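Here is the structure we will look at, set down as structure tokens.
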Amino acid sequence: MKKIINDPAAVVTEALYGMAQAHPELRVQHTDPAYIVRADAPIPDRVAIVSGGGSGHEPLHGGFVGPGMLTAACPGPVFTSPTPDQVQAAVAAAHGGAGVLLLVKNYTGDVLNFETAAELIEAEGIDVRTVVIDDDVAVRDSLFTAGRRGVAGTLLVEKIVGAAAEAGADLDTCERLARKVVDSVRSMGLALAPCTVPHSGEPSFVLAEDEIEIGIGIHGEPGRERTRIAPAQDLVRTLLTPVLEDLPFTAGDRVLLFTNSMGGTPLIELYLAHGSAVALLNERGFLVERSLVGPYVTSLEMQGISLTLLRLDDELAELWDAPVSTPALRWGR
Amino acid sequence: MKKIINDPAAVVTEALYGMAQAHPELRVQHTDPAYIVRADAPIPDRVAIVSGGGSGHEPLHGGFVGPGMLTAACPGPVFTSPTPDQVQAAVAAAHGGAGVLLLVKNYTGDVLNFETAAELIEAEGIDVRTVVIDDDVAVRDSLFTAGRRGVAGTLLVEKIVGAAAEAGADLDTCERLARKVVDSVRSMGLALAPCTVPHSGEPSFVLAEDEIEIGIGIHGEPGRERTRIAPAQDLVRTLLTPVLEDLPFTAGDRVLLFTNSMGGTPLIELYLAHGSAVALLNERGFLVERSLVGPYVTSLEMQGISLTLLRLDDELAELWDAPVSTPALRWGR
Amino acid sequence: MACDGSSMVAAWLGVAEVIRAHRDELVRLDREIGDGDHGENLRRGFDVVAERLAAMDAATPGAVLKSVATTLISTVGGAAGPLFGTALLRAAKALGDRATLDGTAVAEALAASSEGVIARGRAEIGDKTMVDALVPAAKAAESAAQRGDSASGVLAEAARAATRGAHDTVELVARKGRASYLGPRSAGHLDPGARSTELILTSLAASAGSLGEGS
Amino acid sequence: MACDGSSMVAAWLGVAEVIRAHRDELVRLDREIGDGDHGENLRRGFDVVAERLAAMDAATPGAVLKSVATTLISTVGGAAGPLFGTALLRAAKALGDRATLDGTAVAEALAASSEGVIARGRAEIGDKTMVDALVPAAKAAESAAQRGDSASGVLAEAARAATRGAHDTVELVARKGRASYLGPRSAGHLDPGARSTELILTSLAASAGSLGEGS
Ligand SMILES: Nc1ncnc2c1ncn2[C@@H]1O[C@H](COP(=O)(O)OP(=O)(O)O)[C@@H](O)[C@H]1O
Ligand SMILES: Nc1ncnc2c1ncn2[C@@H]1O[C@H](COP(=O)(O)OP(=O)(O)O)[C@@H](O)[C@H]1O
Ligand SMILES: [Mg+2]
Ligand SMILES: [Mg+2]
Ligand SMILES: [Mg+2]
Ligand SMILES: [Mg+2]
């Protein structure tokens, strides 16, 4: 394992220290219980939007803290959900009196830890709601499984709900919007090469020279199948087909297309894949009205991409376009 | 070679097509002669800032086209300088009547092609100036070599000069500022793992399990030496020491620290390295007044980082802080 | 020596050591069918458990369990943190403020633990989780207690059942937790949470045995 | 057949084929001490050269060279594009509007080419660049022309000298171009630009030879 780290057990703490240096517009608590909060929080009478999860997906979630998006985020150890203490501490720093919305990716660990946190927060008399995000179509949902995973679609939920909260929406509205985005967004990813978790030191999986994993999760969890590497346009079709079928999206739909890097795939390949996906969607009669391309929901240095599609209406498009000012996502104003 | 591409010879064209889809605020000519220009160009009586170079360093340069930064950029084939035709075409689209400043990274190919372009542009009666950027301290400058390479410092030149042009500075001022930044900025990088150029199909170099290359160039050119991987804080010291000695920077200097990923290094390691560099600079009495952390001047999927230090004064700090609105760098307004 | 608060402290210090010794194994097991952090999560948590227990004043067995539980909840994260935390909180509650434990108390604690884990995680037996070690352990404990076994005897039976239960997860297809994403590919691997449950119970049983019998 | 415009077209079509055949070799050489694009850069340029020449009307040798030059300048990029472009622009200028070439004309064209490359690239002999193939070629051409050799004879001498010069770059340490960053590590490798210069001149000489002598 070759990494730019010191002690594997101190990676998150030390990275948060660096993040604090780079972003004076945030308040970063880099030691336990670690959290990241807007410097101007708590904001009176504004709903606090709080998310979090294992580290290693940067810029998710901490890079999305700021005006127009998250009020606070809790980074757990690499690929491990944060503890209830962290969530409580983040909420204490973020809560402005108008309630808290917890945005949680659907993994057993995240759900359980946020569940415990929510109980404790509620016991303090704070109005707290939880919305679980599960946009990954690679895993079939069923009563007998842990359900679909939360992946890149999380960014869209955070952006859109964050915009609403910034504009003064109440907790009911924020919760409704989060559920609306969750209901309208689907993702699927693939990997060309694995990542290595610092405390493990071994690649999360092994692929042959010409092999790729279709339906990869953002922790290196396997997906639907292993296949041969193929031309970009075929890979894009392989990802988009189940995404389009799942919701289902229908021709004429207005959509936002988010082409995401798993971390190690260069921007030139991302743009190429994005162009290919737009062309395919145009062909099938979809209106690609918004685009996002970049390494936003990553798995350390894993090579691969995911494609996320969100069905837009005026309400969602407007909230998407609203100003946002975070380390990783910034526009408007 | 596993990449998300179709035909290796079409990578740049297809990626530019995708970029055009993602960024309606740019005009992207994706076929030959390829260039990227702000959609609102030419802007009357505003100096046009034009840069370019081989592709594979994304978001450099095309991702820095927009208000407050580049007017236009010319993407060559992967790691190959653009042709004079491309520069001419970009300038034709960008020139608003107040002259053109060409920002060129110091590589023989880039210098020669931009030189030829400048002659042709001048012959059209346009006032054109060229500033060559050579911030990489890994390679010793000498009359008997190709000189120091232009690397991550390029971003700082483009940002600062772009801000001046946006504010209406004349060509003399823009040229002076470019030279001032070039005189005040130094960089050095290292690589943990190589990249593979699509048309070559082979890694640009080979490192052993525990080996890293100190002083790597952004095309995988070798640097000073190969050493063993070491803790992050030692790596940071190895990069910063020659950077600090070269200018030289002196204690008490106000500086901007730019921690850059070569492409495949995840953000968590970047932030960790950034924190380590800030701590070292603080110890030595420098004032780190501005920070930038991210994958901005990359070498495809190469793993590694570079550290860039710019000596700040009020003029440079103010231009750095000025609003910028490009695909990859955005703030203010 | 009685199965009291201080022997409970000693027993959990022993567990912390066992977890440290098996950290890499648990990481490896979790890498095979999960995300490779189970050993590191528990190591992080039990290091703090050991620290806090070493500094702890004399307390009832229930209070010791409660302290271990809250420490695990606030340091482990992941799925295992809240699940082991719930297990121990429920056990603590079942024990109340008893000063020493007999076999029945141990069996009741284990029954409460396994019910707690099922209530929190909604896994059933056969889903290839820690439930597959914990439920058989609780059942074996109940039988042993009914036979009148001592605390250490009950724990020894529970540990044996947990070992068998953990081993039996190898052939199962996971239906809960991260391993469930693997579907049929999860078969052929030992579940890391079942393995750590086995390790914990075995260590507790060993401590109880060497410490001698309670009332 | 005379060494005229149409044989010049044929000769450069031959060069385009040779470059295509050696693309991978030139990529490999450039990967060893540069950035691995030399073969691909020239392939891209000469593909367009071949296209345009095939569509070209009858012209003087100088006009053909000028067309090849401007095509290379606008398609090759990198260091080689402007350098080969300059070389051929200068050669075209030296030939003026002569309809056919003799040995002296060829030698003059090569002298102008090598001066042009040196003026543009500021490399000297021994810097491990295409100059190390081109300068000896020009010198050998001059001697051959002074001995009264024909155009094809002069080209053959030039090609032989270029081959020797290219081969001699192996032991040199690069002081110009990308390979210079390698310092001493650049020794032991053939310079890709010297190799492509050798290939071009050898192909031109072969075409001239098989096409027969000019005036
Ligand atoms: N729903 C559940 N019910 C009971 N146990 C579970 C459940 N989900 C996961 N587990 C247990 O947790 C273990 C994984 O723990 P750990 O690796 O620490 O958490 P994570 O899966 O969040 O990385 C699994 O091996 C399994 O035994
Ligand atoms: N200053 C120079 N003068 C003459 N030839 C040079 C010079 N710099 C580089 N070259 C030649 O160019 C060749 C490399 O060309 P190419 O790979 O196409 O360009 P780049 O180095 O820009 O990738 C080198 O092998 C060398 O022969
Ligand atoms: Mg985990
Ligand atoms: Mg090149
Ligand atoms: Mg795990
Ligand atoms: Mg080259």
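Bear in mind that the values in this text are calculations on the coordinates, not laboratory data. Just so we're clear, the structure is a prediction, and the values are computed from it rather than from any experiment. Cβ: placed from backbone, ideal geometry, glycine included. Neighbour counts: every protein chain shown.
Here are a few things to note about the model shown:
- Alpha carbon centroid spacing (whole Å) that separates segment A:4-42 from segment B:83-98: 44
- Using the average count of surrounding beta-carbon atoms within 10 Å as a protection proxy, the listed peptides D:77-88, C:7-18 rank, highest first, as D:77-88, C:7-18.
- On the beta carbon distance between D:Ser143 and D:Arg164, with R0 = 22 Å, the FRET formula returns roughly 0.95.
- Order by protection proxy (mean Cβ within 10 Å, highest first), peptides A:322-331, A:191-200, A:228-237: A:191-200, A:322-331, A:228-237
- Estimated 222 nm signal from helices in the protein assembly as shown, with DSSP H stretches of n ≥ 4 weighted -39500 (n - 2.57), rounded to 500: -15500 deg cm²/dmol
- Sequence-distant contacts, meaning Cα pairs under 8 Å at least 6 residues apart, place the relative contact order of segment B:189-238 at 30 percent.
- Gyration tensor verdict on segment A:8-115 (Cα atoms; rounded if a/c is under 1.5, prolate if a/b is larger than b/c, oblate otherwise): oblate
- Projected label distance in nm at B:Glu245 and A:Met1, using a 7 Å step from Cα toward the beta-carbon: 3.3
- Overall shape: prolate for segment B:66-204, with the ratio a/c of the largest to smallest alpha carbon gyration tensor axis at 1.5 or above and a/b above b/c.
- Using only alpha-carbon positions in chain D, the gyration tensor eigenvalues give semi-axes of 27, 19, 14 Å once each is multiplied by 5 and square-rooted (largest first).
- Shortest-first nm distances, A:Asn282 label point to equivalent points in other copies (7 Å, Cα→Cβ): 5.1
- Extension reserve of the A:Glu315-A:Arg237 stretch, reckoned as 0.36 nm per residue once the Cα distance is removed: 25.2 nm
- Among D:Ala54, D:Ala137, D:Ala92: highest mean-square fluctuation, GNM of chain D, C-alpha pairs under 10 Å: D:Ala54
- Relative contact order (percent, whole number), chain D, Cα cutoff 8 Å, 6+ residue spacing: 25
- Taking the charge dipole of chain D about its Cα centre, with +1 at Lys and Arg Cβ atoms and -1 at Asp and Glu Cβ atoms, the residue from D:Thr202, D:Ser7, D:Ala179 reaching farthest to the positive side is D:Ala179.
- FRET efficiency for the pair B:Asp32 and D:Ala21, taken as 1/(1 + (r/R0)^6) with r the Cβ-Cβ distance and R0 = 30 Å, rounds to 0.80.
- Within-12-Å neighbourhood charge of C:Gly126 [Cβ basis; K, R +1; D, E -1]: -3
- Lysine pair count for chain A (Cα-Cα distance under 28 Å; residues 8 or more apart in sequence or on different chains): 4.
- Counted by Cβ distance under 12 Å from A:Glu289, the other residues give a net charge of -2, where Lys and Arg count +1 and Asp and Glu count -1.
- Shielding by partners, peptide D:161-167 (average Cβ within 10 angstrom, other chains): 0
- For B:Asp45, label point 7 Å along C-beta direction: distances to other copies, nm: 4.6
- Restricting attention to chain C, the count of lysine pairs at 8 or more positions apart or across chains with alpha carbons under 24 Å apart stands at 6.
- Other protein chain C-beta atoms within 10 Å of residue C-beta, averaged over B:299-308: 3.
- Cα point-scatterer Debye curve for the protein assembly as shown, base-10 log of I(q)/I(0) at q = 0.04, 0.09 Å⁻¹: -0.25, -1.01
- Peptide D:178-186 shows a mean partner chain C-beta count of 5 within 10 Å per residue C-beta.
- The value of relative contact order for segment B:163-247, using C-alpha pairs under 8 Å at least six residues apart, is 25 percent.
- Among A:Arg311, A:Arg224, A:Arg186, residue whose mean-square fluctuation peaks in a GNM of chain A (springs only between Cα atoms under 10 Å): A:Arg224
- Dipole magnitude for segment B:81-199: about 540 debye, using +1 per Lys or Arg Cβ and -1 per Asp or Glu Cβ, origin at the Cα centre.
- Hydrodynamic radius (Kirkwood) for segment B:77-128, which is based on Cα pairs only, to one decimal in Å: 11.2
- Global form of segment B:217-333, assessed from the alpha-carbon gyration tensor, a/c cut-off 1.5: oblate
- Protection proxy ranking of C:105-118, B:9-22 - average other beta-carbon atoms within 10 Å, highest first: C:105-118, B:9-22
- Angle between chain C longest axis and helix C:103-121 axis [Cα atoms, degrees, rounded to 10]: 30
- A point 7 Å from Cα along Cα→Cβ stands in for D:Ala187, and the other copies hold the same point at 6.4 nm, listed in rising order.
- With each label modelled as a point 7 angstrom along the Cα→C-beta vector, the C:Glu51-D:Ser6 pair spans 9.0 nm.
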